1. Based on this model, can you work out whether residue B:221 counts as over 25 Å from residue B:77 (Cβ atoms), crowded, with 20+ Cβ neighbours inside 10 Å and touching a residue at least 12 places away in the same chain (Cβ under 8 Å)?
2. Name the residue that is surrounded by the fewest Cβ atoms within 10 Å (Cβ to Cβ), counting only residues in region A:1-22 that are touching a helix residue (DSSP H, G or I) at 6+ places or on another chain (Cβ under 7 Å) and in a helix (DSSP H, G or I).
3. Which one of A:64, A:22, A:101, A:47 is within 23 Å of residue A:4 (Cα to Cα) and within 11 Å of chain B (Cβ to nearest Cβ)?
4. For region A:82-98, which residues satisfy the criterion of being more than 11 Å from every other protein chain (Cβ to nearest Cβ) and touching a residue at least 40 places away in the same chain (Cβ under 8 Å)?
5. If residue A:73 meets every condition in (1) away from every other protein chain (no Cβ under 12 Å); (2) in contact with a strand residue (DSSP E or B) (Cβ under 7 Å, 6 or more places away or on another chain); (3) modelled with pLDDT of 95 or more apart from one, which number is that one?
6. Within region B:224-244, how many residues turn out to be surrounded by 13 or more Cβ atoms within 10 Å (Cβ to Cβ), outside any loop (DSSP other than H, G, I, E, B) and without any contact (Cβ under 8 Å) to a residue 40 or more places away in the chain?
7. Taking region B:156-186 as the region of interest, how many residues are free of Cβ contacts under 8 Å to residues at least 12 places away in the same chain and over 22 Å from residue B:104 (Cα atoms)?
8. From the residues in region A:104-119 that are crowded, with 17+ Cβ neighbours inside 10 Å and facing chain B (nearest Cβ under 10 Å), which one is nearest to residue A:142 (Cα to Cα)?
């Protein structure tokens, strides 16, 4: 069956980045369409009336489906031929028990990390509760990836990349980007395992293909803190410099 | 491979109920252990230090895994032999595109319904925003299931039961249980399709096996509103009567 894939992204949206990394890891061919989120083009809203991003338009011989949600699209991509991101049984069927274990890591630790990124982006003056929650979240992640092992290592006993690593990556890129900014969140926080994991995973060709310079996240944060942020605009090089004051 | 399954539930927890319905639909044999959530037994906290419920302990020949989260456990159950709850391709492999479409219904409409149930249980005096959100959520669900069709009908063009129907059921049981209480949420709300769907799905043997009398949800709500609620206690028949004032 022939399938045509159109992927709608902004190259600096963390949820779009998840999907780009998974797409590249699996070797999937998509027509990539970059969306300016400040001025969403009419054609995008015609394709996707909800305006949600990332989105994937799938056209097969007998139907058209529009998917959104980075996890749903990533799981769909994982079902394609190519290197596996969920553990498999000997007959190449997904190991549903190991997938369930990974899904729990996703819905607990990685989701907690996602909320922390939100805090760091939007909150210039975190209170003690918020600081404590950030530090506990980082400690949980540090514990999951000793010496930079992959995320499934502790639970599955195998140091092999899984979907969780690629879904966590855009979040960890931001954690790393902000680490030298003197933010109160980071005081007394150990990032040793996260940094080992990060330097390892960014050697992957799929990551090299789509990673952004970390300085862009720092500058994007400055736009948000200065109230000069309207949404992610194109091109991504807009964020090579901080906002002019 | 021999697998031993122990399922930890309270029979009136909506998330445990999801898993019970899926288990029964698939014909899966579990050792069911009911947990008193007011006095969590020490043995449960030893098995599951996080104390999360529902939980599933999976013991295979070479490992023990503890799963929680109603969706993760339900998806794991769906991978077992038995009648399918995700659409399949001709070779019995899950149709990953149709699964993705269902997953989006889950993460949008069904999740919205979950939040609304929370509102109705806990909030005696909803404001206009909360009332509006409830009514819009119900309207979205009504639109998904015309004349009581199953939840995948509009998106997939097939009136066949899927995992989404069983995951939605505990939420809809409560929507139906509360409909005659004169709650402001329900004023001007049309439940026609939901009621058709409900009367249809409760004919299934898996539902008959585990459904509770609706009056128990009404009484449970009275416990919550009267501040006499400490958590779900055993036996479930505790909720056959309202709290004594």
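The values are calculated or read from the model by the stated rules, or taken from the named source; none is laboratory data. On a predicted model such as this, the values are computed, not experimentally measured, just so you know. FYI the Cβ positions are ideal-geometry reconstructions off the backbone, even for glycines, and counts take in every protein chain you see.
1. Yes.
2. A:14
3. A:64
4. A:82, A:83, A:85, A:86, A:87
5. Failing condition for residue A:73: (1).
6. The total comes to 1.
7. Selection size over region B:156-186: 3.
8. Per the criteria, the residue is A:106.
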